[in-house]
1. Could you give me the residue pairs with C-beta distances under 7 Å whose first residue belongs to region 109-125 and is among the aliphatic types (A, V, I, L, M), whose second residue is surrounded by 19 or more Cβ atoms within 10 Å (Cβ to Cβ) and in a strand (DSSP E or B) wherever it lies, and which are 6+ apart or on separate chains?
2. What residue, of GLN140, GLN98, is surrounded by 13 or more Cβ atoms within 10 Å (Cβ to Cβ) and within 34 Å of the chain's Cα centre (by Cα)?
3. Can you name the residue in region 526-552 that is assigned to a loop (DSSP other than H, G, I, E, B) and not aliphatic (A, V, I, L, M) and is also farthest from the chain's Cα centre (by Cα) among such residues?
4. May I ask you to list the residues in region 157-170 that are closer than 23 Å to LEU207 by Cα and surrounded by 16 or more Cβ atoms within 10 Å (Cβ to Cβ)?
5. Mind listing whichever residues of region 362-402 are hydroxyl-bearing (Ser, Thr, Tyr) and assigned to a helix (DSSP H, G or I)?
6. Do any residues in region 23-41 that are farther than 29 Å from SER265 by Cα have Cβ atoms under 6 Å from those of residues that are not aliphatic (A, V, I, L, M), where the two are at least six apart or on different chains, and which pairs are they?
7. Check whether at least one residue in region 402-420 is among the hydroxyl-bearing types (Ser, Thr, Tyr), farther than 30 Å from GLU56 by Cβ, open to solvent by less than 30 Å² (accessible area, probe 1.4 Å) and touching a residue at least 60 places away in the same chain (Cβ under 8 Å), and report yes or no.
Amino acid sequence: MRNTNLSTDIIKPLLSGLILLNLAIVLFASFELYKSKQQAEKQAAITTQNLSQVLENSITGLVDKIDLVLLATADEIQNQIATGHVDKHKLTEFLKLQNQRVPDIFNLRITDEKGNLRYGSDFSALPSVNYADRDYFRQQRDSAETGIFIDKPVFGKTTKKWLLTLSRRFNKSDGSFGGVVFASISLEHIKELFTVVDVGFQGVITLRDNEFAIIATSGGMQLSGSLVGLKKQSIPFEVALKNNPNKGTYISDDTSIDHISRTHSYRKFETYPFYINSGITEAEYLAGWRKQAWETGVLIFILMLSSTAFSFLLVRLLRKQKSYENELYLQKEYLQAIFENELECVKVLTPNGALVDINPAGLKILEVESLEEAQQLGCSAFINPDYHQAFTDLLADVYAGNPRTLEFKIKGKKGTIRWMETHSTPLRNSLGHVTNLLAVTRDITEHKLFQQELERQAHIDYLTGVNSRGYFMEQAELELARAIRYGSKLSMFMMDIDFFKQVNDRYGHKVGDNVLKKLAKICREVLREVDILGRVGGEEFAILLPATDKVAASEVAERLRATIADTRVTMESGLPIQFTVSIGISSLTSKDDNLDVLASQADKALYEAKKKGRNQVCVSE
């Protein structure tokens with residue numbers, strides 16, 4: 001009778017504990033899957049944002065190159081008009097050469113003031129075609145201030161293809177309208193540009209104009225008259241645009257063009273009237289998570305099945321009062337095997353952060369040989385000092401009963417630096433008190449490095465390696481705010497390479513690129529580390545000098561100008577060429593000054609330096 005009561009007293013709490021354990025496993029696995037899904041969705045948003053940024057940079061760079069071709073062509077025909085005679089053969093060869101230099105251009109053509117086709121890079125004999133009815137012709141004819149004009153896609157009269165046309169006006173010698181220079185890009189070629197990024201099997205990339213009409217799209221949808229110019233948007237896209245018309249992320253539904261739900265990120269171009277929208281499907285970015293969920297479900301099922309079988313066996317053993325210690329040992333070995341063979345770092349900590357236990361995967365990450373060695377060094381010895389406080393806060397939160405997740409950086413004993421992501425949860429005793437912390441930590445270094453590289457590419461000019469225009473403006477705004485807050489000095493340069501177009505025309509764009517790279521290298525050597533350098537145009541650079549007044553800025557500018565003037569750039573032929581720069585300087589004079597004021601003043605001073613003969617330094621009044 002005593003043995004029966006003893007067995008009953010033990011069996012009931014054991015069964016209750018087993019149920020709670022299984023429930024805890026299910027809850028813990030469900031929580032981890034929930035967090036993992038959130039992470040996958042967050043990563044999908046980050047990925048589409050980065051893809052949109054990369055595509056904006058790619059398309060902007062292409063349009064910049066085509067605009068340089070249009071400017072060069074307009075200059076060429078205006079120069080020939082000024083001589084009193086237009087050499088048709090020479091002009092046609094010039095158009096073909098420009099088209100060869102930028103093979104993305106489908107064709108490069110010139111009309112007269114009435115819209116008649118006069119010259120083209122793609123004709124041996126010109127057809128009789130008039131473009132006076134095109135929007136870009138009317139726009140350039142009616143306004144001398146239009147600059148580059150990007151028309152809506154049209155179906156070519158001679159090419160029979162869908163084309164996106166970029167145009168510029170040229171004038172006669174008396175300043176009156178002389179005609180239009182225009183270059184076309186096929187929409188199929190723009191679609192090919194989208195292949196530089198991977199959006200998955202059913203992902204989609206769409207380029208729209210500033211009225212949200214479709215220009216080009218990827219994802220297997222064919223460009224046709226029914227698709228080009230379509231302004232249909234999903235309802236989530238419309239809502240996102242109302243909240244932020246410049247950039248944003250949203251999840252589409254079955255109101256999208258092809259009725260597939262995706263995570264999208266869109267961006268409005270900084271310099272041209274375009275929107276880029278990148279989307280990846282839920283099936284794509286949740287594929288890994290679904291596999292994890294399936295494997296977790298199988299593992300839980302196996303664990304629950306195993307624990308149920310074990311419980312029945314334990315009840316039998318308890319009733320027989322035999323082999324109790326042996327079965328307990330087997331259970332411990334089973335759990336230890338899971339602990340030892342887990343590929344992720346699994347560790348148990350005390351509430352104050354002291355290490356209680358860690359599995360072999362964790363020892364490998366810490367680059368130590370044993371648990372005792374890890375305990376002797378202590379967890380804080382491996383954690384980057386920048387994350388000590390965050391780790392202390394995590395311990396406090398988990399000890400209070402709240403599961404927490406944290407990304408942080410560690411340095412192994414042998415010096416290996418890793419980014420880690422830990423999921424920590426409290427461990428409680430039978431009274432419900434938190435006694436220790438269980439943490440599952442995984443290595444996310446590869447993901448972090450990839451993310452940082454994408455961010456770096458978005459901030460750096462691809463040719464010269466200096467800050468891009470957008471990132472320069474961000475850094476300059478921060479430095480200006482700091483100077484105004486503390487009343488310190490601040491100066492700004494606007495620097496332009498003299499006669500850079502002639503360098504490109506005479507020696508080719510490759511030599512021109514080498515000149516730009518050389519200029520950036522000289523600036524980095526002459527300027528201080530605290531000075532901010534950015535490429536803000538084709539051959540135009542901006543420099544911000546913290547803690548520098550006009551006098552000191554003038555000295556730096558003159559030293560920079562002289563160094564550049566004494567520099568040679570060697571061509572492939574072995575011959576050297578020289579180049580010079582003109583520099584305009586402005587300085588902070590009032591707390592009411594802003595970056596636009598400084599840039600405008602420096603631009604005016606730069607114009608004055610060019611007016612005085614170039615290779616000059618001028619200071620704004």
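The values are calculated or read from the model by the stated rules, or taken from the named source; none is laboratory data. A quick note: this is a predicted structure, and the numbers were derived from the prediction, not measured. As a convention, Cβ positions derive from the backbone with ideal geometry for all residues, glycine included, and neighbour counts pool all protein chains shown. Accessible surface is based on the protein model in full, side chains and every heavy atom, while ligands, DNA and RNA are left aside. Shrake-Rupley method; radii C 1.70, N 1.55, O 1.52, S 1.80 Å.
1. Correct list of pairs: ILE110/TYR119; ILE110/GLY179; ILE110/VAL181; LEU117/ARG109; LEU117/THR111.
2. Unique residue meeting the criteria: GLN98.
3. ASP549
4. Of everything in region 157-170, those that are closer than 23 Å to LEU207 by Cα and surrounded by 16 or more Cβ atoms within 10 Å (Cβ to Cβ) turn out to be LYS161, TRP162, LEU163, LEU164, THR165, LEU166, SER167, ARG168.
5. Within region 362-402, SER380, TYR387, THR392, TYR399 qualify.
6. Correct list of pairs: ALA29/THR296.
7. no
Residue by residue, here is whether (1) on the phi < 0 side of the Ramachandran plot; (2) at pLDDT 90 or above; (3) not basic (Lys, Arg) holds:
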position: LEU164; (1), (2), (3): yes, yes, yes
position: LYS172; (1), (2), (3): yes, yes, no
position: PHE182; (1), (2), (3): yes, yes, yes
position: ILE190; (1), (2), (3): yes, no, yes
position: VAL197; (1), (2), (3): yes, no, yes
position: GLN202; (1), (2), (3): yes, no, yes
